[in-house]
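Beneath this line is the structure, given in structure tokens, with notes to follow.
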Amino acid sequence: MLGIVKWLVLEELHTLCTPLRMLVMDWILPDLWTIKVHQVIVALWLLHNLMRGMVLKAVRMLTFVGVEPEPAGLPTTVINLLLANRVVSQEQAKLAQVLVQPSSTMGAAGLDRSFCFALALGFLHTAQHVSL
């Protein structure tokens, strides 16, 4: 049975993919672009707040998300879309920091390789542009 936090994280990741896919398009109107960027920032803020200060729960979440086939593709897709959009925000940097810490302590064993690679790229990208 899926816990409420895991379900909320998965739903938030599903929801986050939609505005990120729209931001990649060239034809997006400025007003719509502003709304979609706001949706992305709010989703990143929520994900960060769910995972910060809970290192053990973050490790369990990463294990669940990084091992199961369907969930592993979601954060990988989100991180890749963030990279494709060249999005950098304080919320993204904070979330990347929270995600990288437990994954480095537990090692890459068991986690999906594409997820680990996308996580590393996302962390490096945000670290270059935002002061942590």
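Taking the criterion of being exposed (fewer than 15 other Cβ atoms within 10 Å of the Cβ) and within 13 Å of Asn85 (Cα to Cα), the only residue of the stretch 29-51 that qualifies is Trp33.
Checking Leu44, Leu50, Leu23 one by one, the residue that is at pLDDT 80 or above and over 20 Å from Phe117 (Cα atoms) is Leu23 and no other.
For residues in the stretch 86-132 being of a type outside the set (A, V, I, L, M, F, W, C) and assigned to a loop (DSSP other than H, G, I, E, B), which is modelled with the lowest pLDDT? Show your work before the answer.
Of the residues in the stretch 86-132, the ones of a type outside the set (A, V, I, L, M, F, W, C) are 86, 89-92, 94, 97, 101-105, 107, 110, 112-114, 122, 125-126, 128-129, 131.
Then keep just the ones that are assigned to a loop (DSSP other than H, G, I, E, B); that gives 86, 89, 107, 110, 112, 131.
Details: Arg86: 80, Ser89: 77, Gly107: 52, Gly110: 57, Asp112: 69, Ser131: 61.
The selected residue is Gly107.
The values are calculated or read from the model by the stated rules, or taken from the named source; none is laboratory data. Given the structure is predicted, the values throughout are model-derived calculations rather than measurements. We place every Cβ from the backbone using ideal geometry, glycine too, and count neighbours over all the protein chains shown.
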